[in-house]
Every structure is written in C-alpha cells, then in structure tokens.
Amino acid sequence: MKNLPTTSLAAYLDALAAATPAPGGGSAAGLIGAAGAALVEMVAGLSLAKGATQHTARQEDARRQAADARNELISLAEADAHAYTAFIHALRLPSGSESERAARTEALSSAAQRAAEVPLATLRAAVAVAEAAQTLGGRSLLSAASDLAVAVRFARAAGESAAENVEANLPYIEDAEMRVEIARQTESALSALHRQTPQ
C-alpha cells in the first residue's frame, strides 16, 4: 500500500480484500479511526456554522484535535501495512543454519517491535478521537448527535482493534523488558479509551 492519502476508498478496499498479508486489520483500524475523526470534525463544523455560542472555543478545540488525529491515523494506516510487510519478510528469512536462525530471530524481533509500536500509536490516536468527541457531547448540534455517537463507536473499535494487533506481535519481541513496557502502555491507552467510550 503506497500513498494512502491519495488512494481512493475503492482501491484501498480492493487492497484490503486481496489475498495478501497487508494491508490488514491494523491498517483498517487506522482507517476506521480516521473516519471517526472526520465525523467529529463534521459535527464541530456544523455546530460552528450556527454562530458563536458559549461552546465555540470547545468546538474549535475538538475540531483541531480531531483533524490532527485524522491525519495521524491515515499515516498510521499506511505505516501499519509497511510494518507488517517487513515482519512477513523477516518471518520468511532462511533458518537452515545456526547463523541464519540467529539473524532471522533478530530481524523478526526488530520487525515485530515496529509492528507493535505502530498499532500502539493508532490506539493512542483513537483515544484522541474519543476525547474530541466527548468534548462535543452536549456542546454541539442535537441533530448531529447520532453522527457523534458513530464517531465514538468508530474510535472505540479502532482502538480495540489496534490493541489486538499490538498483542499479536508481542510474542516475537526478544527483549522481555520491551515486551512488558509495550504491553503496559497498551493497557494504559486501552483503559483511557474505555473511559472515553463507556458502553
């Protein structure tokens, strides 16, 4: 997947549907999160268009936060595809001799760490989307309440999906301390997401 920001939605979905390892769930999580962010921007923009109120500053803050998160999530959707492709390449390295096995293990660990760090960043960006949506709760157009609700659901789905991808890559990271630290950060971000998206 190259240059996702200029790829049509249909072309991206074709790539996602293809019988190839990437783009996959981690990339799709980024795209869903970006869609949630876009909805937050829409609700904020519609509310701002109605004129200045006591909520204008919060609406502007939410729109900026959502726009930043959307741009980041689109980049992460592409980065995830690249990271997992590198992981697959490492997985396919030769392992016939002891030196080959050692090289493969090192390459696999490095690729797995990157393949875990990208969805962790996606999870954190999803939290930002959820926070922006919550900022608009009770401070935006009532007629757009359902759009805001969808944005919250998208943020939660994106974050939880990203967390699944972090966890899938952890076992391949050789550094035990790094595994624990990434797992800790993931759990912390997931807790933050759930606080912002209660069910």
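Selection within region 93-106: residues that are part of a helix (DSSP H, G or I) and free of Cβ contacts under 8 Å to residues at least 40 places away in the same chain. The member of this set that is nearest to Gln59 (Cα to Cα) is Arg104. Here region 84-120 is the region considered, the condition is being surrounded by 13 or more Cβ atoms within 10 Å (Cβ to Cβ) and of a type in the set (S, T, N, Q), and the residue that is nearest to Ala28 (Cα to Cα) is Thr85. Based on what the data block shows, is Arg156 more than 17 Å from Ala111 (Cα to Cα), charged (D, E, K, R) and crowded, with 21+ Cβ neighbours inside 10 Å? For Arg156, the condition - more than 17 Å from Ala111 (Cα to Cα), charged (D, E, K, R) and crowded, with 21+ Cβ neighbours inside 10 Å - is met. Give region 121-149 a look and list any residue that's in a helix (DSSP H, G or I) and of a type in the set (D, E, K, R), or say none. Correct list: Arg124, Glu131, Asp147.
Of all residues in region 145-198, which are free of Cβ contacts under 8 Å to residues at least 40 places away in the same chain, over 28 Å from Thr85 (Cα atoms) and in contact with a helix residue (DSSP H, G or I) (Cβ under 8 Å, 6 or more places away or on another chain)? Passing the criteria: only His194.
Only one of Glu174, Glu187 is of a type outside the set (S, T, N, Q) and farther than 18 Å from Ala121 by Cα. Can you tell me which? Being of a type outside the set (S, T, N, Q) and farther than 18 Å from Ala121 by Cα holds for just one of Glu174, Glu187, which is Glu174. Considering (1) out of contact with any Phe, Trp or Tyr (no Cβ under 7 Å at 6 or more places or on another chain); (2) in a helix (DSSP H, G or I), the lone condition that Ser109 does not fulfil carries the number (1).
Here, each number is a calculation from the coordinates, and none is a lab measurement. Quick caveat: nothing in here was measured; it's all calculated off a predicted structure. A quick note on method: Cβ atoms are made from the backbone with ideal geometry, for glycine too, and the neighbour counts reach across all protein chains shown.
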